[in-house]
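Here the structure comes first, spelled out in C-alpha cells, and everything after it is commentary.
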Amino acid sequence: MDVTVGHAPGGPGSVISEADWAFWQKNGYLVIREAVPPELLSGVMDAVWTFLGMNRDDPEDWYREPHRGGGMVELYQHQALWDTRQYPRIHQAFAEIWGTEQLWVSMDRANMKPPRHADHPEYDHEGFIHWDLDSTQNPIPFGVQGVLYLSDTDIDQGGFQCVPGFHRHFPEWIKTQPLDRDPRRPDLSGLEVKPIAGKAGDFLIWHRLLAHGNGRNCSDKPRLAQYISMRPAQTDDPNVRDQRVRMWRDRLSPEGKAFPGDPRRLEQEHGVTAELTSLGEKLVGVTSWN
C-alpha cells in the first residue's frame, strides 16, 4: 500500500521542503503556509456570505436556512472558488505530492460552521472522524484531499482534525477490527484525535487513508474553509472529461448523495460561468496537458 507518492523535496520552485516531506510521511498531512493571497480568500468569503444571504457581522443571522448544522455550503462554481482552485501554488503542492503536473482539480464546496449556540441546538455539530472512501477496498489506491483555511482557525473552532500517522498504521490496525466494522468511520478506542489550527491562507493536504473530519465549534467565531483536491488527469476517458467540462460550463454540483446541491439553483439559473486561466483550463479538462 502506497503511503506517499514520488516527490523531490526542495527543488527549484518547490513549495514542499524536505522537512515538510518528512512530516508528511510520518503524519499523513502537511500544511502549506500562506498558500493563497488575502484578496483571493476575501473573494471566497464574500461569495459564501452572499450565497447564504447572511450578515457576517451579526452572529444571530448565522443560524437559518439555507444553511445546515454541518456547515457545508452548496456553492460549487463561483468565480472566487475557481480563482483559488487554479492558483499556481495550490497546483504546485499537489504536483509535488503526485509526482506529476498533469492533474485535474475537484469541484468541491466551501464550509461555514457557526459556533454552537444555546438557542440553536440544531447547529451544534459535535464533529466526527471518518474516511471519504470505503476502507474495505483491497488495495486502497493512493489519493489526497485538501482544505484551504479562509480565515484564522483555532483548535476550538470546528476545523480540520485527524489521527496523525493513522495512514501508516492502518494495515495493522485493521487486523484488530471486527468484520462488521463501519467501513467509513473508525473505532477511535486508543486513538488520539488532534485538531489542526491554521492561519488564513494556509492550505492543508491529507492522505485519504488518514482518519479525519471536522471538530466542534466551541469558539465565538465561524469556521470558514474551502475544500480543494487534485488527482492525475484521466486523459484516456473522454466521457469523464466531457462531464467535467459540462459541470464547469453549466455551473453544476457533483452528482452523489454527499453533494446535495442548492435546492434554490442559484448558480445554475443566475450564475455566470467562471473564467479559467490557461492552468485552470487544464485542471478542468477544457484543454489537454499534452
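Charged side chains reduced to their Cβ positions (Lys and Arg at +1, Asp and Glu at -1) give the chain a dipole of some 540 debye around its Cα centre.
Could you give the size of the charge dipole of the range 95-226 about its Cα centre, using +1 on the Cβ of each K and R and -1 on the Cβ of each D and E, expressed in debye and rounded to the nearest 20?
Details: 14 positive and 19 negative charges, 32 e Å.
Roughly 160 debye, rounded to the nearest 20.
Please report, as a whole percent, how much of the solvent-accessible surface of the chain comes from carbon and sulfur atoms (probe radius 1.4 Å). Working shown, then result.
Numbers: 6780 of 13850 Å².
Reported share for carbon and sulfur atoms: 49 percent.
Mind checking the per residue accessible area of the chain for me, 1.4 Å probe, whole number of Å²?
Values: 13850 Å² over 290 residues.
Result: 48 Å² of accessible area for each residue.
Charges on Cβ only, +1 for Lys and Arg, -1 for Asp and Glu, centred on the Cα centroid of the chain; of PRO59, ALA110, HIS212, which one is farthest towards the dipole's positive end? The residue sitting most towards the positive pole is HIS212. Ranking TYR227, PHE170, GLY190 by how far each Cα lies toward the positive end of the dipole of the range 152-251 (charges on Cβ) leaves TYR227 at the top.
Please get the size of the charge dipole for the range 13-133, origin at its Cα centre, with Cβ charges of +1 on Lys and Arg and -1 on Asp and Glu, quoted in debye to the nearest 20.
Working: 10 positive and 20 negative charges, 65 e Å.
With only Lys, Arg, Asp and Glu charged at Cβ, the dipole is about 320 debye.
Once you sort the root eigenvalues of the Cα gyration tensor of the chain as a ≥ b ≥ c, which label holds: rounded (a/c under 1.5), prolate (a/b larger than b/c) or oblate (the other case)? Judged from the Cα gyration tensor, the chain comes out rounded (a/c under 1.5).
The values are calculated or read from the model by the stated rules, or taken from the named source; none is laboratory data. Note that the coordinates shown come from a computational prediction; the quantities given were computed from them, not determined experimentally. Positions of Cβ are backbone-derived with ideal geometry, glycine not excepted, and every protein chain shown enters the neighbour counts. Keep in mind that these areas ignore ligands, DNA and RNA; they rest on the heavy atoms of the full protein, side chains included. Shrake-Rupley method; radii C 1.70, N 1.55, O 1.52, S 1.80 Å.
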